[in-house]
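Data first, discussion second: the structure below is written as structure tokens.
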Amino acid sequence: MSVPPGAEPTLAGLYREHRLALVRLAVLLVGDRESAEDVVQDVFARLHGRPPDVLTLPYIRTCVLNAARSVLRRRGVMARGSLKLGPADDRPVDSAETATLLGESRQEVLAALGRLPRRQREVLVLRYYVDLSDADIAQMTRVRQSTVRSTVARALARLERELGGRT
């Protein structure tokens, strides 16, 4: 079976051009690089064979967001199951390279971001990391623009409280 002309180069080009940014987005959502790389790889694998007109960066970002949600959902199920066996630290462990590269203050911000509720974390990442507008975030997360704005305000207030005004 042959690949339709134009489909593979478009997907491959999107992968080459945006993989790192998508992995960074996923890291901010799921909290560790290994899971983030898996999320992005799975998204691109699922997109293989799709019509080229579907393969847009906003669509792929939405797929990454949804895949990251699935990872977090599975972690939640596993964590609830492990609570029956005894307490466990389910926070992802950074590699020595990652810990060295990240400054102490950046690690604090990332840790505080990771403690936010899922929606607040997603909205902040999409707003300040991916630099999307309220309308784009609302479309991706399927909420109203006013909900996006109020969620950003609540998330920033919580980060400010947790970081002691260092944001």
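Any read-out appearing in this document is the output of simple, stated calculations on the displayed coordinates, not a laboratory observation. This one's a predicted model, so the numbers in the text were calculated from it and none came from an experiment. Reconstructed Cβ throughout: ideal geometry from the backbone, glycine too, with neighbour counts over all protein chains shown.
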Item to check | Gain on full stretching of the segment that runs from ARG142 to LEU20 - 0.36 nm per residue minus C-alpha separation | outcome: 41.4 nm
Checklist entry - Using 1/(1 + (r/R0)^6) with R0 = 30 angstrom and r between the beta carbons of SER150 and GLN41, what's the FRET efficiency to the nearest 0.05? => result 0.30
Checklist entry - Distance in nm between label sites at THR56 and ARG73, each 7 Å beyond Cα in the beta-carbon direction? => result 2.5
Item to check | Stretchable slack from ARG158 to HIS48, in nm (0.36 nm times residue separation minus alpha-carbon distance) | outcome: 35.6 nm
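Between LEU110 and ASN66, what length in nm is gained on full extension when 0.36 nm per residue of separation is reduced by their alpha carbon distance?
Values: separation 44, 0.36 × 44 = 15.84 nm, distance 2.03 nm.
Between LEU110 and ASN66, full extension yields 13.8 nm more.
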